[in-house]
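Each remark here refers to the structure printed beneath this line.
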Amino acid sequence: MYKVKTHKSIKKRFKITANGKLMMHKASRSHLLEKKTSKRKQHLRKTVIVNSRDRQNFRYSLLYIN
């Protein structure tokens with residue numbers, strides 16, 4: 001049986017809360033910010049909880065995060 005490795009890109013992009021939920025930063029915050037409104041940019045700064053359906057897709061890769 002081979003060793004199951006953690007998926008490193010998922011480890012870098014998501015954090016696990018105490019309840020087992022996934023937190024992530026929103027996209028569209030790196031460039032082309034002049035045409036976005038300040039209200040939109042303000043909302044993009046926040047972290048959000050990943051949808052439960054998407055969390056199930058990442059579950060196998062995230063089991064091995066320390």
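Bear in mind that the values in this text are calculations on the coordinates, not laboratory data. Quick caveat: nothing in here was measured; it's all calculated off a predicted structure. Cβ: placed from backbone, ideal geometry, glycine included. Neighbour counts: every protein chain shown.
Note on the stretch 17-62: the C-alpha convex hull projects to 4.2 nm² when averaged across all orientations. Relative to the longest principal axis of the Cα atoms of the chain, the long axis of helix 52-62 lies at roughly 50 degrees. Of all stretches in the chain that contain no chymotrypsin sites (Phe, Trp or Tyr not before Pro) in a DSSP loop with at most 15 other Cβ atoms within 10 Å, the longest one is 3-63. Per residue, the average separation of C-alpha pairs within less than 8 Å and at least 6 apart gives the chain a relative contact order of 42 percent.
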